[in-house]
1. Taking square-rooted eigenvalues a ≥ b ≥ c of the alpha carbon gyration tensor, is the stretch 315-399 rounded, prolate or oblate, where a/c under 1.5 means rounded and, failing that, a/b exceeding b/c means prolate?
2. Post the alpha-carbon centroid distance, the stretch 242-297 to the stretch 333-399, in whole angstrom.
3. Of G225, A48, A274, which is farthest on the positive side of the dipole of the chain, counting Cα position, with +1 on Lys and Arg Cβ, -1 on Asp and Glu Cβ, and the Cα centre as origin?
4. Put +1 on the Cβ of each Lys and Arg and -1 on the Cβ of each Asp and Glu in the chain; which of S134, V243, G420 then has its Cα farthest toward the positive end of the dipole?
5. What angle, in degrees between 0 and 90 and rounded to the nearest 10, separates the Cα long axis of helix 462-472 from the longest principal axis of the Cα atoms of the chain?
6. Order of T40, T299 from fewest to most other C-beta atoms within 10 Å?
7. Which order do C469, C204 fall in if you start with the one that has the fewest other Cβ atoms within 10 Å?
8. Could you tell me which of Q180, P3, C161 has its Cα farthest along the dipole of the stretch 1-187 towards the positive end, charges placed at Cβ (Lys, Arg +1; Asp, Glu -1), taken about the Cα centre?
Amino acid sequence: MRPTEVLALYPRHDGTLRSMLDARVAVAGDRPFLVFRGDTLTYGEVAALVDRAAAHYAALGVRRGDRVGVMSRNHPSILLSFFALAELGAMMVPVNPDFGVEEARYVFEHAGVCGVLCAEELRATVTAACANLSPFLLSTETPFTESAGPVERAGAADETCVLIYTSGTTGFPKGVMHSQRNVLLAGEGFVERMHLEPSDRLLCVLPMFHINALFYSFAGALAAGATLILEPKFSASTFWRVVSESGATEVNTLAAVSSILMRRPRSEYVPGHALRKIYGAPFTDETYRVFREELGVPTLIEGYGMSEIPGVLNNPFEGPHKVGSMGRPSRHPDHGMPFAEMKVVDDAGDELPDGVTGELLVRTPVVMKGYYRDPAQTEAAFRDGWFVTGDLGWRDTDGYFWFVARKKDIIRKRGENISGAELDRVIGEHPSVIEAAAVAVPSELGEDDILVAVVAREPLNAEAIAAWCRDRLAPIKVPRYVVFVDSLPKTATHRVEKYRLRGDATLRARAVDLTRSAGVQR
């Protein structure tokens with residue numbers, strides 16, 4: 001089926017989560033919607049549970065505009081709450097379950113939550129984090145025990161239904177506000193991106209506090225009337241067993257996930273699975289080769305999006321696929337509907353020609369409503385109606401976009417701009433390196449020198465890193481400083497927090513200065 005034919009199977013919705021759910025129930029109420037640990041809920045059963053959840057939240061005093069936190073591994077009650085709170089006109093605030101008390105306190109207090117749905121083992125953390133708020137607490141194990149009558153459906157399509165707190169690579173996280181209509185448009189866009197059909201079974205191993213799980217896996221399954229297989233979290237050792245036993249046909253990954261799976265023992269692999277499609281980024285030639293030839297997954301689709309602008313670019317499902325590219329602007333199944341646009345501009349905001357690197361600006365209907373309680377940052381995020389990504393990239397003559405670096409990840413050395421992301425990738429390909437992160441440090445001559453922090457899998461010296469770089473990069477890109485570390489600071493979505501590396505004065509003091517030493521053993 002074509003993506004537009006998939007959407008045409010169902011009655012039109014009004015832009016709210018509940019209206020899309022009802023449209024799927026009307027056509028396929030007995031079709032499996034949600035699978036969790038072997039238990040299956042049909043579309044009709046989910047709708048009935050959403051009614052119960054909405055009544056329970058209303059009985060607890062949740063009203064239009066309220067915020068309710070969620071702190072748990074993936075669990076069906078999170079999605080039931082998402083539907084129910086949106087129906088009441090309230091907002092869900094998902095929080096990383098690995099957060100400590102102070103990290104969780106910042107989000108809960110900034111959002112001003114009136115209640116929290118949490119995993120039972122996290123109750124103590126949530127209680128301490130919410131000491132100044134005194135919210136009601138619900139357990140994911142028994143969340144909606146009270147029965148009550150139907151509630152008024154107060155939620156509107158264009159009102160905020162979720163606050164996604166950014167990973168905070170530059171400091172405190174910001175609460176990204178998205179409407180119900182945004183979630184549904186993103187889901188419909190994912191039907192187009194991955195050619196989803198009602199028979200698809202989407203495996204969700206990424207966390208529900210991230211747009212990938214909510215806006216792509218969940219919303220995509222809902223839009224297609226497909227089945228969502230929800231796993232509490234990603235487990236590399238059991239991944240292929242879960243894929244095989246669940247009959248999964250599609251899964252979304254992050255770079256770290258695909259990289260881990262490629263390097264796991266092949267004894268964990270289960271042949272004869274039904275997995276046919278993977279969405280994620282970035283992919284390399286090796287990623288394509290391993291998953292296609294060794295792991296039996298024929299279709300890999302790369303894309304690009306941010307918490308503020310989900311699903312902006314993708315390699316077309318039917319090709320051509322350009323490995324390493326972020327792809328072309330994404331489309332809605334209704335190709336006549338205006339959707340994602342992207343342009344490359346210089347520092348003055350003027351559009352640049354193909355092949356020239358500049359900052360990426362985006363215009364899309366699936367754009368955040370703003371940052372919660374932060375009008376200044378919201379205003380700074382837009383320029384003449386275009387969202388300013390802070391990413392550098394370029395467009396080729398076929399209309400495909402290519403990522404270069406975060407604008408703040410550029411190292412300025414002797415008048416040249418050097419991409420920290422490029423160095424990370426090249427050094428990370430060394431067989432003895434697990435991962436690497438390059439950052440700028442002040443040079444005695446002005447501008448920057450390059451420091452790279454390396455996590456090694458076996459004994460290695462700094463000169464070996466420099467030699468690897470000399471064979472693959474221009475001389476100006478070879479790092480001056482190399483420091484070996486046990487791990488790199490990461491956000492909840494596995495992005496390296498380079499601002500923490502830049503702020504760690506001990507790194508340079510501990511590093512080998514390759515202008516003065518041939519390197520020492522780790």
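1. Cα axes put the stretch 315-399 in the oblate bin.
2. Distance between centres, Cα-based: 31 Å.
3. A274
4. G420
5. Around 80 degrees separate the two axes.
6. Least crowded to most crowded, the residues run T40, T299.
7. With the sparsest Cβ surroundings first, the list reads C469, C204.
8. After comparing all options, I get P3.
The numbers here are math on the coordinates, done by the rules we state, and not lab data. What you are looking at is a predicted structure, and each value in this text was computed from that prediction instead of being measured. Here Cβ is always computed from backbone atoms with ideal geometry, including for glycine, and neighbour counts include all displayed protein chains.
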